[in-house]
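Take a look at the structure below.
Since every read-out is calculated from the coordinates, none of them should be taken as a lab result. Every value quoted in this text rests on a predicted model; they were computed, and no experiment measured them. So basically every Cβ, Gly included, is an ideal-geometry build from the backbone, and we count neighbours across all protein chains shown.
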Amino acid sequence: MSDHADHDYDEFALHAGVAVERLAKAALVRMSPAYLVEMRNNNTDMLLHFGGALELPSDKVRTIGAKDALARLRKLQILPADSQLDTLIDMRNGVAHASGGAGAKFLIATFGRAVEQILEHLDESSERFWGEWIPAVRMGLNERESEVSREVHLRIRQARHRFDERFVGLPEGARDLVVGAPQRGQGMQIGPMALPDGGEITIMVASVKCPACGGLGSVMLSPATQSDTGVTLVPDAYRCDICRLELDSAEEIRASGIEIDGAPVPSSVSLSYGRTRMPDEIPEQRTE
């Protein structure tokens, strides 16, 4: 979960796959240790070992892999077929030897759902298993939320958890001191400014309360419409330097619950540039 929050999706795929495999084996071994035996190479010694009749040194013990463990749970109707879970296991196996787990970003709900299904069979507590990650997991599994809202609220809870972890073992009040400390660039800043012939215009507005840590983050405004003589900018990104929460669109800002209307952030900004005629250059209007 920490890897996913840090956008390290290779590591997330690896560790999520390992977690699912070990839980699957835990479910099988609780029913019978013999369910871990590989049915290949005439594995009589393994069958006798897991049946308790033969003692083998630990370096000689072999069990089934993740795919076989999942297949047996499905045959026992403990887990349903799930191609997304199969993809996660494939990524885990690939990441263990090579790079390429970015696609696992979108499999966090699949991971959480599989774990919950196995925990239910084991009659184990979700809260005990997930610990302080339980709110983030529940948000990731919330089917009533839209995909954007689910992703944003998961990100907020990840940022909050990651931030709170930094203060474990520190004196009481340390967190509040960090949240309340003045942040760099508070107030409105404009830059870099650009004209129609290239570049871009960005306005950063600080002093907007972060939905994750409660500190002050910055809303960025970017061009919505542009002409030869002006540009209109609207809020379209949010950054908090305190807990590292990032929102990358106006839709994500809305889903986060950040109250732009109540903050010192303009709903839009219009800038004009280029030569403007002076009053004495404006033709006199005649009336009949």
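Extending 7 Å from Cα along the Cβ direction at LEU48 and again at GLU127 yields two label points whose distance is 4.8 nm. Charge dipole of the stretch 1-139 (Cα centre as origin; +1 on each Lys and Arg Cβ, -1 on each Asp and Glu Cβ, all else neutral): 480 debye, rounded to the nearest 20.
Can you tally the net charge around LEU70? Count Lys and Arg as +1, Asp and Glu as -1, for every other residue whose Cβ sits under 14 Å from the Cβ of LEU70.
Working: positive: ARG22, LYS25, LYS67, ARG72, ARG74, LYS75, ARG92, ARG113; negative: GLU21, ASP68, ASP82, ASP86, ASP90.
It works out to a net charge of +3.
With each label modelled as a point 7 angstrom along the Cα→C-beta vector, the ASP241-GLU11 pair spans 2.4 nm. Expressed per residue, the C-alpha convex hull volume of the stretch 113-159 stands at 63 Å³. Applying 1/(1 + (r/R0)^6) with R0 = 22 Å to the Cβ-Cβ distance of LEU56 and VAL18 gives a FRET efficiency near 0.40.
Across the stretch 1-153, Cα pairs under 8 Å and at least six residues apart give a relative contact order of 28 percent. Three principal axis extents describe the C-alpha atoms of the stretch 1-69; from largest down they are 47, 22, 20 Å. Partners of LYS25 within straight-line reach, counting lysines whose Cα lies under 30 Å from its Cα and excluding those fewer than 8 residues away in the same chain: LYS60, LYS67, LYS75, LYS105. Based on Cα contacts under 8 Å between residues 6+ apart, the stretch 2-67 shows a relative contact order of 25 percent.
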